[in-house]
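The values are calculated or read from the model by the stated rules, or taken from the named source; none is laboratory data. Nothing here was measured: the structure is a model prediction, and the numbers come from that model. Neighbour counts are summed over all protein chains in view; Cβ atoms, including those assigned to glycine, are modelled from backbone coordinates with ideal geometry. Quick note on the areas: whole protein, heavy atoms, side chains included, nothing else; ligands and nucleic acids left out. Shrake-Rupley method; radii C 1.70, N 1.55, O 1.52, S 1.80 Å.
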Amino acid sequence: TVESSYRVLCLMSHTGGGHKASAQALKDGFECIYGNSYDVNIVDLWSSHSPWPLCNMPKSYFFLVKNPWLWRLNFRCSEPKIVHETLFRGYAAIVSTQFSRVFMDYNPHLIVSVHPLMQHVPLMSLERLRDKVAKPIPFTTVVTDLTRCHPTWFHKSVLKCFVATKIVVSQALSLGLKTTQIICHGLPIRPSFSIPAGTRAYLREKLGMQKDARTVMLIGGGEGMGKITEIAEELSKRLSETHQLVIICGNNRSLVEKLSAKIWPFSVHVKGFVHNMSEYMSCCDCVITKAGPGTIAEALICGIPIILNGCIPCQEEGNIPFVLENKVGTYSEDPVIIANTVSEWFDKNDGTLEEMSARAKLLGRPDATFNIVRDLAGMILSFYH
Ligand code: UDP
């Protein structure tokens, strides 16, 4: 194998599918544009390089988000700077030796964080290396939320902070970042979403689906969250053989088993975690999802209208007005209303779906990943040459 000229360390954490997908988007983006000139190493420092109980932090996230009031409490209580900075200082005392070792071993030219808990502690750990390295390693953040971001996303010492929307630009400014630090390109989405993979009919056939049936996708983020079973059941009462449903359960294996065992009155495709999400989305006429930023941004690029069925409190709440105000979808937590919306869209054929689809395409940012990657590569070149 040819050795890469530059090393990029991408810091993420396994909390939901979005951060992982964004990290993968950047890795794929570097490969698409620069081949193997850049080696991108994705690590979850909390899970793999910190002692118990900190290594369980990603796992405790799932417990918290399944109990929305607990998550809201956790989010709100940790918003004040005094609280999270004190906590992070304590964490750094425990993990910074291990984090620094990861930095020394990989010796990256650039560090990119795609996670709100990956700014403060890694930056404190880098500070310890100051005397040991010839040049401080540049550190950047790529924010993967669309609207309301936790303040820990924004650290004044980063070289650049990439954000997805004007709403986040304002938030970053209000938390003390300078205009020269902020770049707004959109959310990093895997390049497979920007590269046409074939017509709808071709992709449906490839994925074993009916070629001509109106298709709805039902998904609950990377972990298969929300009232997926209830919504699928309501859909099955209203849709017919001219329609089909794709349910993506992500890492929720018990949901896959439960839904696969059911006998459905119309064509239903139940999937676990799929790695070709761009193909599945491109097959669909609309998507029912929680208000996850990753899924919303992907649906916009694919030009498919979005029915939001819920959200993770705080960080995803603002995504609901974002979808409604831009007229690219609807919102309801009631499975009956959701199923009625889909059947109306499919049966009325009055152009509603097509209009929303056109607006979604205009709002999508298919070039975001490539623009971020070009900027990151430019930063490395100007820093080291
Ligand atoms: N995803 C995927 N395969 C699956 C389920 C989900 O690739 O089977 C991806 C999805 O395309 C999106 C991400 O996981 O990029 C989910 O991100 P989102 O922000 O919507 O929700 P999260 O899981 O982070 O709460």
key: ARG76 being at negative phi, of a type in the set (Lys, Arg) and either in contact with a helix residue (DSSP H, G or I) (Cβ under 6 Å, 6 or more places away or on another chain) or away from the ligand (no atom under 16 Å from the Cβ) (or both)   = yes
inquiry  = So for region 108-118 (the condition being away from the ligand (no atom under 16 Å from the Cβ) and free of Cβ contacts under 8 Å to residues at least 40 places away in the same chain), does at least one residue qualify?
reply    = no
note = Within region 287-338, the residues that are over 15 Å from THR352 (Cβ atoms), hydroxyl-bearing (Ser, Thr, Tyr) and outside any helix (DSSP H, G or I) are THR289, TYR331, SER332
remark   = Only one of ILE263, ILE247 is β-branched (Val, Ile, Thr), part of a loop (DSSP other than H, G, I, E, B) and at negative phi, namely ILE263
query = Any idea which of LEU9, LEU87 is more than 16 Å from the ligand (Cβ to nearest atom), without any contact (Cβ under 8 Å) to a residue 24 or more places away in the chain and either more than 18 Å from GLY221 (Cβ to Cβ) or not in a loop (DSSP other than H, G, I, E, B) (or both)?
reply = LEU87
task = Could you tell me whether any residue of region 27-41 is within 18 Å of LEU123 (Cα to Cα) and at pLDDT 95 or above?
result = yes
message = Name the residue that is farthest from GLN24 (Cα to Cα), counting only residues in region 186-216 that are within 14 Å of the ligand (Cβ to nearest atom) and among the polar types (S, T, N, Q).
response = SER194
request  = Kindly establish whether GLY186 is in a loop (DSSP other than H, G, I, E, B), surrounded by fewer than 20 Cβ atoms within 10 Å (Cβ to Cβ) and small (Gly, Ala, Ser).
outcome  = no
Qualifying residues in region 236-255 (those that are open to solvent by 10 Å² or more (accessible area, probe 1.4 Å) and small (Gly, Ala, Ser)) - the one nearest to GLY220 (Cα to Cα) = SER254
